[in-house]
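Worksheet for the structure shown next.
The values are calculated or read from the model by the stated rules, or taken from the named source; none is laboratory data. This one's a predicted model, so the numbers in the text were calculated from it and none came from an experiment. Neighbour counts are summed over all protein chains in view; Cβ atoms, including those assigned to glycine, are modelled from backbone coordinates with ideal geometry. Surface areas here come from the heavy atoms of the whole protein model, side chains and all, with no ligands, DNA or RNA. Shrake-Rupley method; radii C 1.70, N 1.55, O 1.52, S 1.80 Å.
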Amino acid sequence: MPDDWEISVICGSNKRLAKNLKTKYSSSKRIHIREFILDMGTMMDSADLYLTKPGGISVSEACTKGLPMVFIDAVAGCEEYNRIHFVRSGGAKTGADTEELIKICLSLMEDDARRKKMKESLKKTKQMNSSQIIYEKMKELTESRHEQNFTD
């Protein structure tokens, strides 16, 4: 890892993981292990890249911050939709396994232009007004059903 890089690992409420990582990396001044934090927004503001699972709250906040993401494939279901959406939009990358994720992270950290492009993609995604989109779709469906009732 280059001398000007630092890694912050947020373990949340997983105290056992935090303890193990703190023991393993206690001698490193550039690897910071933290448990649950209240200042995640501040952490994101200081980050260049966010390695995370594609959970709704964390990816929404990262999108708002314009923070490029790399997704691990931890949980299927609704998180799968987030993964697909942000990868397709260009704001995130993902890999098939740990080795590929490492290569992606290193490659992105060494390429400011690619991270900038990802940030721009996230800004475009952020500009979508989901409430307006839902309203318009519901209005369209309601009008369609209303018209259908008159033709039946």
Fully extended, how many nm does the chain gain between TYR81 and GLU100 (0.36 nm per residue separation, minus their Cα-Cα distance)? 4.8 nm
Over the chain, the sum of -39500 (n - 2.57) across DSSP H runs of at least four, divided by residue number and rounded to 500 deg cm²/dmol, gives at 222 nm -18000 deg cm²/dmol
Subtracting the Cα-Cα distance from 0.36 nm times the residue separation, let me have the gained length for ALA47 to ARG114 in nm, one decimal. 22.6 nm
Gain in span if fully extended, ASP73 to SER60, counting 0.36 nm per residue against the direct Cα distance: 3.0 nm
Degrees, to the nearest 10: 130-151 long Cα axis against longest axis of the chain: 20 degrees
C-alpha center-to-center spacing [segment 72-117, segment 1-54] in angstrom: 18 Å
Here are some pairs, LYS53/LYS93; LYS103/LYS124; LYS93/LYS117; which of them have Cα atoms lying more than 21 Å apart in this structure? LYS103/LYS124
Taking 35 Å as R0, compute the FRET efficiency from the Cβ-Cβ separation of GLU35 and SER107 and round it to 0.05. 0.75
Per residue accessible area of the chain, 1.4 Å probe, in Å²: 72 Å²
Leading residue at positive end of dipole, the chain (Cβ point charges), from SER46, ILE33, VAL59: ILE33
Let me check against my output: what whole-number percent is the relative contact order of the chain, with C-alpha pairs under 8 Å and at least 6 apart? 17 percent
What is the distance, in nm, between label points placed 7 Å from the Cα along the Cα-to-Cβ direction at SER144 and at LYS15? 5.2 nm
Whole-Hz ³J(HN,Hα) from phi, Karplus 6.51 cos²θ - 1.76 cosθ + 1.60, for segment 94-103, glycine and proline x: 8, x, 7, 8, 4, 4, 5, 4, 4, 4
With Kirkwood's inverse mean 1/r over C-alpha pairs for Rh, give me the Rg to Rh ratio of the chain, two decimals please. 1.11
